[in-house]
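Inspection log for the structure reproduced underneath, given as structure tokens.
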Number of protein chains: 2
Amino acid sequence: MPGMTTTPEQIIVDSILDSIADQKLRAGTKLGEQSLSEIFSCNRTQVRRALATLTGYQVVEHIPNRGAFVVTPSERGARDVFQARQAIELTICENVAQSENLPDFAPLYENIEAEGRAIASGNRPEAIRLSRKFHLILAALGENSVLERYLEELTMRSSLILGLYGGDTESQCASEDHRRIVAALEARDTQAAQSEMRTHLRHIEAAVDFSGARKPTGALSGLLTRR
Amino acid sequence: MPGMTTTPEQIIVDSILDSIADQKLRAGTKLGEQSLSEIFSCNRTQVRRALATLTGYQVVEHIPNRGAFVVTPSERGARDVFQARQAIELTICENVAQSENLPDFAPLYENIEAEGRAIASGNRPEAIRLSRKFHLILAALGENSVLERYLEELTMRSSLILGLYGGDTESQCASEDHRRIVAALEARDTQAAQSEMRTHLRHIEAAVDFSGARKPTGALSGLLTRR
DNA sequence: GCAACTAGGATTGTGAACAATTTGTGTTAC
DNA sequence: GTAACACAAATTGTTCACAATCCTAGTTGC
């Protein structure tokens, strides 16, 4: 696309979101305005806008006169997120399974393959990243812009939760769960797809353990991957 | 609450949202920065922040170098909104019906009474406003902050859609629909409550008619109710 | 040694001036 | 009379300096 300029704000937002999804940026990390403006070599105003956007995503918490921090999810909040995901993703399953013209499942299968490789090679951040991607691709096939946008936020918050409180074994079964979901969708079996999705989300939530929390890191030195 | 200062930004946001819900601000209306800063006698910076927040709510559209406008909902967008509402509100019904300690239904009944009065007196904006309020009270009882926040946005967009494309008869049955929903919830009958909710949402959506659209007004003279 | 207080530095918040873009108006050419 | 152009006014976008607030370190008093 000619003339498609990516604004600094978009770059900052995407970069921070990626870093959170990859668990390079952990909960509680302070996102100082000056630090970010230096990292991305841009004005402080643009950093400010980016942080405002992230606050809207509920991924960054803004405390007046203190600054912006990566949110620390609460147990209650985590429960709410997963319940909302279920409500939304079951509807997406229905949409996909009952869509007029059969959607293209190839990207989903490709993603599942990549997931399998990431898990096999023990690349946990990449596995989480691809798992999220799977749900977003599925959401796009659902053809509902509202549900799609909400799920973008919810998967982001899920990644943050898993990064903080997730066990080490949750990714193992994800790839298989995903495969079963797609199979049911391809067979246009709404009930089965929803059932698989419910099971899958239960698996994810079961991996969350609030008793043993990872400690938040403090500084953002080389954490942000400049895109 | 001592020390509870309402910032100008919050005042502007609430005021505009109210005016939209009350259909005083119609789709396509330009929200000029200077006009707003004069109306609310504050800085342009604060107006800017308020408009950014509203853009996040998907209620205001921001066009670069042109300004902010109240969005004009599309037919597709309306469909998406109502489907998302169904997914979310059915879950809320389930939460309320199956909540541990029986919630307080009094505010809901009070609201229904007020609705009935508004409809009887032919006060359409007030009826829409109270109808929205009903769903928000219900959402609060659902005890899921995510669903609550999403429904706040969706009911707002619904009000805008009804204001633009709504017929004149949709409010008539709303009060009765609401009463039936609460009755089912009070009986802790999840299935019945969800069924009533589904019917209710269908009623609302059926009232939307895209063939005969109301014309958007242009100026925001005395449209904004200073709070 | 510990608590409270104080000054310094750093960070966030605000407002106003300046730049860039668009819109509306009036003029001119055909 | 219409279309194209040019200029002026208004509106949005950006930058920067200054004000307000918070955190840290150091000091004093007990």
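The values are calculated or read from the model by the stated rules, or taken from the named source; none is laboratory data. Quantities reported herein were computed from a predicted structural model and do not represent experimental measurements. Heads up, the Cβs are rebuilt from the backbone with ideal geometry, glycines too, and the neighbour counts pull from every protein chain shown.
For the reader, a short list of remarks on this structure follows.
- Candidate set from the stretch A:7-43 (those that are surrounded by fewer than 17 Cβ atoms within 10 Å (Cβ to Cβ) and within 14 Å of another protein chain (Cβ to nearest Cβ)); member that is nearest to DNA strand D (Cβ to nearest atom): A:Thr7
- Residue within the stretch A:50-64 that is within 13 Å of chain B (Cβ to nearest Cβ), touching a Pro at 6+ places or on another chain (Cβ under 9 Å), surrounded by 18 or more Cβ atoms within 10 Å (Cβ to Cβ) and more than 17 Å from B:Glu148 (Cα to Cα) present: yes
- Residue selected from the stretch A:71-107 under the condition free of Cβ contacts under 8 Å to residues at least 60 places away in the same chain, among the polar types (S, T, N, Q) and not in a helix (DSSP H, G or I), by the criterion nearest to the other protein chains (Cβ to nearest Cβ): A:Ser74
- Looking across the stretch B:49-69, the residues that are more than 16 Å from DNA strand C (Cβ to nearest atom) and touching a strand residue (DSSP E or B) at 6+ places or on another chain (Cβ under 6 Å) come down to B:Leu54, B:Thr55, B:Val60.
- Candidates A:Glu61, A:Glu126, A:Glu148: the one that is touching a helix residue (DSSP H, G or I) at 6+ places or on another chain (Cβ under 8 Å), not in a loop (DSSP other than H, G, I, E, B) and not assigned by TED's automatic domain parsing to the domain that holds A:Ala184 is A:Glu61.
- Test for B:Glu115: is it away from DNA strand D (no atom under 14 Å from the Cβ), within 14 Å of chain A (Cβ to nearest Cβ) and either modelled with pLDDT under 95 or surrounded by 15 or more Cβ atoms within 10 Å (Cβ to Cβ) (or both): no
- Cβ-Cβ contacts under 6 Å between residues 6 or more apart (or on different chains), taken from a first residue in the stretch B:34-49 that is under 12 Å from B:Ala68 (Cβ atoms) to a second residue that is near DNA strand D (Cβ under 10 Å from one of its atoms) and acidic (Asp, Glu), are listed as B:Val47/B:Glu33.
- Residue count for the stretch A:61-75 under the criterion of being within 16 Å of DNA strand D (Cβ to nearest atom) and among the acidic types (Asp, Glu): the result is 1.
- Test result for B:Arg49, within 16 Å of DNA strand D (Cβ to nearest atom) and in a helix (DSSP H, G or I): yes
- For the residues A:Ser131, A:Ser159, A:Ser121, A:Ser175, the requirement of being surrounded by fewer than 18 Cβ atoms within 10 Å (Cβ to Cβ), at negative phi and either within 12 Å of chain B (Cβ to nearest Cβ) or among the hydroxyl-bearing types (Ser, Thr, Tyr) (or both) singles out A:Ser121.
- Checked against the criteria, B:Ala78 does not count as more than 20 Å from the chain's Cα centre (by Cα) and away from DNA strand C (no atom under 16 Å from the Cβ).
- Evaluating B:Glu143 against the criteria (1) buried (at least 17 other Cβ atoms within 10 Å of the Cβ); (2) more than 16 Å from DNA strand C (Cβ to nearest atom); (3) outside any helix (DSSP H, G or I); (4) at pLDDT below 95 leaves one unmet condition, (4).
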